1. Please determine, by comparing only the residues of region 22-41 that are within 20 Å of residue 81 (Cα to Cα) and of a type in the set (Lys, Arg), which one is surrounded by the most Cβ atoms within 10 Å (Cβ to Cβ).
2. Could you tell me which residue of region 86-99 is surrounded by the fewest Cβ atoms within 10 Å (Cβ to Cβ), considering only residues that are within 9 Å of residue 141 (Cα to Cα) and not polar (S, T, N, Q)?
3. If residue 170 satisfies all but one of (1) assigned to a helix (DSSP H, G or I); (2) modelled with pLDDT under 95, what's the number of the condition it fails?
4. Considering 119, 87, which residue is farther than 16 Å from residue 144 by Cα and not charged (D, E, K, R)?
5. Could you list all residues from region 67-100 that are part of a helix (DSSP H, G or I) and among the hydrophobic types (A, V, I, L, M, F, W, C)?
6. Quick check on region 60-74. Is at least one of its residues hydrophobic (A, V, I, L, M, F, W, C), buried (at least 18 other Cβ atoms within 10 Å of the Cβ), out of contact with any His (no Cβ under 8 Å at 6 or more places or on another chain) and modelled with pLDDT of 85 or more?
7. Among (1) under 18 Å from residue 125 (Cβ atoms); (2) modelled with pLDDT under 90, there is one condition residue 83 misses while meeting the rest; what is its number?
8. What residue, of 90, 128, is of a type in the set (D, E, K, R) and farther than 21 Å from residue 44 by Cα?
Amino acid sequence: MEGIFIMEDAKSHYAYTLKEVEARGNELAAKIADMQRELRENETAKVVLWRLLGISPAPAPMQRPNISDAKKFANVSVRWAILWLLSETKKPLTVSEIATALQDGGVDSNAADFNANVSSVLSTMRSKRQEVDVTDGRWAIAEVGTSAIEYIKATKLRKFFKRGAVDVVAPTTPNTKGATNAAPLKE
């Protein structure tokens, strides 16, 4: 009987250890995702500061470590994620390729048909905002879209700097008294 008791005790110990190892793995994955997000914010901050300082061309961005971008588009709207994705791709993409890349990048959706959701957002981005163009079923970012994503990154960056006690105001417009106000953000 004693041998059976020891075996059951070992199983419960292994089960407990497995839970601890899995929990630690989840903590590490969350830290990596946070560090990736921080690194992207840092890179965007450098670009904005180079522009504010009038440094042109901007120095080459820091080589990012080879870490999965599984959460790259988490916590941003589908529109923002599409702009971000298309601003970084070299070739136009189909709706299916865009939807897959967004989901792989952390976009979480409860839509029954995420491809249809992406298609709808793309159509609005094209017809109402002129942010994207489509040729032969392949979507690419337009000049307006490039300006939009740069502004979005700069605006999000402003929030990042405020957390760090540094306040940088990116794109501005003059007001009637000669001072400047940050341009309004439209999602």
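The values are calculated or read from the model by the stated rules, or taken from the named source; none is laboratory data. Keep in mind that this is a model prediction, so the values were computed, not measured. Every residue, glycine among them, receives a Cβ derived from its backbone with ideal geometry; neighbour counts consider all protein chains shown.
1. 40
2. 92
3. Only one criterion in (1) assigned to a helix (DSSP H, G or I); (2) modelled with pLDDT under 95 is unmet by residue 170, namely (1).
4. After ruling out the rest, the residue left standing is 119.
5. Our first condition is that a residue be part of a helix (DSSP H, G or I); within region 67-100, this holds for 78-88, 95-100.
Passing the criteria: 78, 80, 81, 82, 83, 84, 85, 86, 95, 98, 99.
6. Step one: list which residues in region 60-74 are hydrophobic (A, V, I, L, M, F, W, C), which gives 60, 62, 67, 70, 73-74.
Of the ones still in play, those that are also buried (at least 18 other Cβ atoms within 10 Å of the Cβ) are 73.
Within this subset, residues satisfying the condition of being out of contact with any His (no Cβ under 8 Å at 6 or more places or on another chain) are 73.
From what's left, modelled with pLDDT of 85 or more: none.
No, every residue in region 60-74 fails to be hydrophobic (A, V, I, L, M, F, W, C), buried (at least 18 other Cβ atoms within 10 Å of the Cβ), out of contact with any His (no Cβ under 8 Å at 6 or more places or on another chain) and modelled with pLDDT of 85 or more.
7. That leaves (2) as the condition not met.
8. Values: 90 fails: farther than 21 Å from residue 44 by Cα.
Result: 128 is the single residue among 90, 128 that is of a type in the set (D, E, K, R) and farther than 21 Å from residue 44 by Cα.
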